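J.: I'd like to ask some things about the structure below.
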Amino acid sequence: MTSQSANSSTSSAVVQLLARCVLGEEEAWRDLHREYYPVAFRFLRRMGVPSGELDDTCQEVFVQILRYLSRFEQRADFRTWLYKLCLSQARRAQRRRRVHEALDWLFRRDPTVGEASAGSDWSPCERARRVMDALAEMKPMHKTVLVLFEFEGVSGDEVARILGCPPSTIRRRLHYARQEFETLLRAEAREDGRS
């Protein structure tokens, strides 16, 4: 199967391939990956996912396909669904970057890179204390989700199982938790006159 075989509706060949994937045929999964990985990779790159994160983000898309393919409605267009999954993963990657950028901003040692570091004069212990202080001020539900997902590396679905919430609730809480954490870190720096 080639990219030219895909059109605006899912072709019978793609439907058969997807059905074989649902049955767990390894060769079918390899074919699906070989056919659609370049599509996902190209789309994610054009959506601004940094080159260093493209492979991981693409793999996350395929983890989602593996997880939810049995629910995919065969009459729908597979490429449309693929693009939706890519957009979702691109947004998640962007939100993760915001938290990492806030931490990088706090811990940056090289003052020649962008804005001045909030913690360039702080010892490692002081920086760690600042992160702990920000976490301590967060709303408990936000802090729990942020710590599990960002610091402990627990997947969103697993966080949902741990907390007994729907995954959509976890995504919403994580969005607000990242915003709150970044705001608190920057507020601490402003108090020290370092913003």
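J.: Output the residue which, of all residues in segment 127-169 that are crowded, with 17+ Cβ neighbours inside 10 Å and of a type in the set (Gly, Ala, Ser), is farthest from ARG92 (Cα to Cα).
T.: ALA134
J.: Do we find that LEU44 is closer than 16 Å to ARG97 by Cβ, in contact (Cβ under 8 Å) with a residue 12 or more places away in the chain, open to solvent by less than 50 Å² (accessible area, probe 1.4 Å) and assigned to a helix (DSSP H, G or I) in this structure?
T.: yes
J.: If you scan segment 6-30, which residues turn out to be open to solvent by less than 40 Å² (accessible area, probe 1.4 Å) and at pLDDT 90 or above?
T.: Within segment 6-30, LEU17, LEU18, CYS21, ALA28 meet the criteria.
J.: So GLU73 fits all but one of (1) in a helix (DSSP H, G or I); (2) charged (D, E, K, R); (3) open to solvent by 50 Å² or more (accessible area, probe 1.4 Å); what number is the exception?
T.: In the conditions (1) in a helix (DSSP H, G or I); (2) charged (D, E, K, R); (3) open to solvent by 50 Å² or more (accessible area, probe 1.4 Å), GLU73 misses (1) alone.
J.: Let me ask something else. Tell me which residues, restricted to segment 110-146, are at pLDDT 75 or above and either part of a loop (DSSP other than H, G, I, E, B) or of a type in the set (Lys, Arg) (or both).
T.: Residues satisfying the conditions are ARG129, ARG130, MET138, LYS139, LYS143.
J.: Now a separate question. Just to be sure, is ALA102 out of contact with any strand residue (DSSP E or B) (no Cβ under 8 Å at 6 or more places or on another chain) and modelled with pLDDT under 70?
T.: yes
J.: Taking the criterion of being modelled with pLDDT of 80 or more and not in a helix (DSSP H, G or I), would at least one residue in segment 76-90 satisfy it?
T.: yes
The values are calculated or read from the model by the stated rules, or taken from the named source; none is laboratory data. Computed from a predicted structure; not experimentally measured. Neighbour counts run over all protein chains shown; Cβ positions are idealised from the backbone, glycine included. Remember, those area values only see protein heavy atoms, side chains included, never the ligands or the DNA or RNA. Shrake-Rupley method; radii C 1.70, N 1.55, O 1.52, S 1.80 Å.
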